[in-house]
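These notes are about the structure you will find just below.
The values are calculated or read from the model by the stated rules, or taken from the named source; none is laboratory data. What you see is a predicted model; the values in this text were computed from it and never measured. Here the Cβ positions follow ideal geometry from the backbone for every residue, glycine too, while neighbour counts run over all protein chains shown.
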Amino acid sequence: MTKYLVLSGSGQDRVGLVDEISGILSGRSINLEDSRMAVLGGEFALILLVSGEDKNIDWLLGNLPDLINRTGLNLQGRPTRAPTERRLEKTLPYKMVVSGMDHPGIVRQFTGILHKFQANIETMETRVSPAPLSGTPVFTMECKLSVPAQLKISQLKSELNSASEQENLDLNFEPAEK
């Protein structure tokens, strides 16, 4: 029987971590199904969905202390279900990009609106980078969303537009491919 596990962790970044982790997994016939990995500051962070036979997933869970020592990452494993077992109400895929001069509260402002309308954030990435000429910190947030199919999109879009105008930010909110 196939088991699923979410493996997450972080620690000091170094060259070769992804190769080391993928080698450990493939060496035990554990499939890396979905992943997000990034260097944040000087730290490497990962979250992986892996699958494999019961014995291999059990081995991985039982050997986390050894993997922590080998990789230097603080790792945690949490059993989960297959992605196909996830039941959501009927939703429509949307993409939202917000950008503008960085200041505290941008994420909270927009996630509050999404929560109010029961839109689920499937993925979110944020970053701050200097503007080309001035060096001013520019914030960018990109989200993939599952929006309830019965929702009047114009209402959600209206509130998002209002927030972007109030915060002096650019907003792009449009249907996305699944």
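List of remarks:
- The residue that is surrounded by the most Cβ atoms within 10 Å (Cβ to Cβ), among those in segment 37-57 that are farther than 16 Å from Ala82 by Cα and touching a Leu at 6+ places or on another chain (Cβ under 7 Å), is Phe44.
- Selection within segment 142-168: residues that are surrounded by fewer than 19 Cβ atoms within 10 Å (Cβ to Cβ) and among the aliphatic types (A, V, I, L, M). The member of this set that is farthest from Glu122 (Cα to Cα) is Ala163.
- Residue check, Lys55 closer than 30 Å to Glu20 by Cβ, in contact with a strand residue (DSSP E or B) (Cβ under 6 Å, 6 or more places away or on another chain) and of a type outside the set (S, T, N, Q): no
- Yes/no for Leu61 being in contact (Cβ under 8 Å) with a residue 24 or more places away in the chain, assigned by TED's automatic domain parsing to the domain that holds Ser10 and touching a helix residue (DSSP H, G or I) at 6+ places or on another chain (Cβ under 6 Å): no
- Close pairs from segment 69-82: first more than 18 Å from Val18 (Cβ to Cβ), partner of a type outside the set (Gly, Ala, Ser) and part of a strand (DSSP E or B), Cβ under 6 Å, at least 6 apart: Arg78/Val6; Pro79/Leu5; Thr80/Tyr4; Thr80/Val6; Ala82/Tyr4
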